[in-house]
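Here the structure comes first, spelled out in structure tokens, and everything after it is commentary.
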Amino acid sequence: MNQLAYLLALNRLPRLSPGKLIHLLDLYQGDAAAVWTEYKRWPQLLSLTADAFDEIQRMMQTISPQQSYFDYLHSGVSVVTYLDDDYPPELRLIDDPPCLLFYKGRLPEAGEPALALIGSRHASGYGRQVAEILARDLAYQGYCIVSGMARGIDTFCHQAALKAGGNTIAVLGSGLDVVYPRENAALYRQICEQGAVISEFPLGTAALSYNFPRRNRIISALSLGVVVIEAGLKSGTLRTVDFALEQGKDVFAVPGPITSASSRGTNTLLRDGAKIVLSAEDVWREYQTSAKPAPETQNAAAEEEAKLSPQEKELFTAMLLPLHFDRLSQISGMDAADLASWLTIMEIRGLIRQLPGNYYQAVVKKI
């Protein structure tokens, strides 16, 4: 039997974390068969408790390396292991790298730039607009968009990247044969064709709540930086930020109305030192000096201008000269919270800019 059969079997032991498994492989010079057969030495080598070792032994009686390998061969997925040369180098740098990485599609090539775009499952209309704009524009610039295929912001980012013809990676909190959420089955297939869907969890693993915080370390590890688009104060999204900080990655955040609970997490990140994002340029200028022109057939600025409603065009025209926030509120009839949200969206879309003193001005001169 080959080494992969034993690695697949070892990976199915829940009490044997990736870190512990990699430690054993290092001790046995990558010989997974020896690790499996000499399991009675594990308590000494890993400082396992008696209860943990008893549980591992019970699990091993139900797992066959040969059957694990047979199931893998008929699964339609690919796998790369920590022992392989083509294992993503970014993952080797983190404290607890996955030992096995299952995937469908194409793994990112060495040096291919990637950015994590993440946010709340309960996205607002504002959050959706921002997610779609940023993912699209960053995909135009050649960045692979990494996210978690969850409902809300993650889904919108994957969809926008695909629509822009870019690459995107979805990191799952389940086995690759368990699509979660179910309504993303079509998106899952699209990502497999145009990017990659990856998971460290064995085939058949359900989308359990405690799997998602673990997968978040992979999202941040694969990326140059993490862009938080919308998140509440207790959002699980912020766990990815913790991993990013531990890994020395850049953290970006999109501002939102201070009256919106959906933006309290991102606004707090900004208060605490995250880099502000008002457009995709705020992200890519951290990594390159100039932007690539968007495809002529999909001119971003022209598209955004065309989407303005008649009332928005009237406001936009009024801002050809700088206007104070209070005056804009009078002209538009919006209350302060709605106007602040609308102005932020216009900034994200690259159509207006904020000036000192709470004044705003249109960026272009003609609709």
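The values are calculated or read from the model by the stated rules, or taken from the named source; none is laboratory data. The shown structure was predicted, so the numbers you read here are calculated from the model rather than taken from an experiment. For neighbour counting, all protein chains shown are included, and Cβ atoms are generated from backbone atoms with ideal geometry for every residue, glycine included. Surface areas here come from the heavy atoms of the whole protein model, side chains and all, with no ligands, DNA or RNA. Shrake-Rupley method; radii C 1.70, N 1.55, O 1.52, S 1.80 Å.
For the peptides 249-260, 34-45, 8-19, residues were scored by their other Cβ atoms within 10 Å and the scores averaged per peptide; the highest-first order is 249-260, 8-19, 34-45.
Centroid-to-centroid, using Cα positions, the range 122-191 and the range 1-62 are 35 Å apart.
Dipole check for the range 166-280: with +1 at the C-beta of Lys and Arg, -1 at the C-beta of Asp and Glu, and the Cα centre as origin, the magnitude is about 220 Debye. Solvent exposure of the chain, expressed per residue, is 47 Å² of accessible area, with all protein chains present and a 1.4 angstrom probe. Counting only DSSP beta bridges with both residues in the chain, the antiparallel share comes to about 40 percent.
Build a GNM of the chain with springs between Cα atoms under 10 Å apart, and of 231, 244, 261 the one that fluctuates most is 261.
Shape analysis of the chain yields a ratio of the Cα radius of gyration to the Kirkwood radius, Rg/Rh, of 1.06.
Counting only aspartates and glutamates at least 8 places from residue 40 when in the same chain, those with an alpha carbon closer than 12 Å to its own are 54.
Counting Lys and Arg as +1 and Asp and Glu as -1, what is the net charge of the other residues whose Cβ lies under 14 Å from the Cβ of residue 103? Combined, the nearby Lys, Arg, Asp and Glu give -3.
Give the average over all directions of the projected area of the C-alpha convex hull of the range 12-108, one decimal, in nm².
Working: hull surface 27.4 nm².
Hull-based average projected area comes out at 6.8 nm².
Note on the range 100-205: with charges restricted to the Cβ of Lys and Arg (+1) and Asp and Glu (-1), its dipole about the Cα centre is near 260 debye.
Provide the packing ranking of 198-205, 277-284, i.e. peptides ordered by the mean count of other C-beta atoms within 10 Å per residue, highest first. All intermediate terms of the calculation are to be shown ahead of the outcome.
On the way: 198-205: 22.0, 277-284: 19.1.
Packing order, densest peptide first, comes out as 198-205, 277-284.
Which peptide among 137-144, 90-97 comes first, and what is the full order, when sorted by highest mean count of other Cβ atoms within 10 Å?
137-144, 90-97
Out of the total accessible area of the chain (probe 1.4 Å, heavy atoms of protein only), what percent is carbon and sulfur? Let's see the in-between values first.
Working: 8630 of 17190 Å².
For the chain, the apolar C and S fraction of the accessible surface comes to 50 percent.
In plain terms, the C-alpha convex hull of the range 88-241 casts an average shadow of 8.1 nm² when viewed from every direction.
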